[in-house]
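Here the structure comes first, spelled out in structure tokens, and everything after it is commentary.
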């Protein structure tokens with residue numbers, strides 16, 4: 001699971017096994033340790049909600065994902081889901097959750113569990 005944060009925007013990308021885990025087990029979590037603390041981010045499947053939402057508590061970002069979006073997600077061609085979550089009368093937090101694709105250029109990162117890139121040429 002990879003996270004990218006910029007301003008009021010959070011983007012999370014998932015490998016094949018993480019998409020499957022979220023759909024079947026309802027949660028995926030990642031942790032980054034520092035000298036005296038840690039930071040974590042977590043995805044949780046929730047029934048009864050209509051759109052992505054998020055919270056930040058105890059050094060952890062939690063993104064809530066509508067359960068109904070995940071039913072066929074591991075096998076279908078839907079890349080991801082997005083939402084603009086209102087945080088006050090004028091500001092929004094942009095949330096993006098998507099499948100992680102294999103890079104088209106050379107990289108040293110292990111991509112064996114990533115989805116095939118739809119822009120791949122044969």
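The values are calculated or read from the model by the stated rules, or taken from the named source; none is laboratory data. The structure displayed is predicted, hence computed values, not measured ones. Cβ coordinates were reconstructed from backbone atoms using ideal geometry, including for glycine residues, and neighbour counts include every protein chain displayed.
Restricting the range 25-49 to residues that are in contact with a strand residue (DSSP E or B) (Cβ under 6 Å, 6 or more places away or on another chain) and assigned to a loop (DSSP other than H, G, I, E, B), which is nearest to residue 1 (Cα to Cα)?
My answer is 26.
Kindly check whether there is at least one residue in the range 19-27 that is loosely packed, with under 15 Cβ neighbours inside 10 Å and at pLDDT below 95.
Checking the range 19-27: not a single residue is loosely packed, with under 15 Cβ neighbours inside 10 Å and at pLDDT below 95.
Of the residues 41, 56, which is more than 21 Å from residue 23 (Cα to Cα) and at pLDDT 95 or above?
Step by step, each of 41, 56 is checked, and only 56 is more than 21 Å from residue 23 (Cα to Cα) and at pLDDT 95 or above.
Collect the residues in the range 46-78 that are without any contact (Cβ under 8 Å) to a residue 40 or more places away in the chain, under 16 Å from residue 14 (Cβ atoms) and surrounded by 14 or more Cβ atoms within 10 Å (Cβ to Cβ), keeping them in residue-number order.
Answer for the range 46-78, where residues must be without any contact (Cβ under 8 Å) to a residue 40 or more places away in the chain, under 16 Å from residue 14 (Cβ atoms) and surrounded by 14 or more Cβ atoms within 10 Å (Cβ to Cβ): 62, 64, 66, 69.
With respect to residue 59, is the statement that it is more than 13 Å from residue 97 (Cβ to Cβ) and touching a helix residue (DSSP H, G or I) at 6+ places or on another chain (Cβ under 9 Å) true?
Criteria not met by residue 59.
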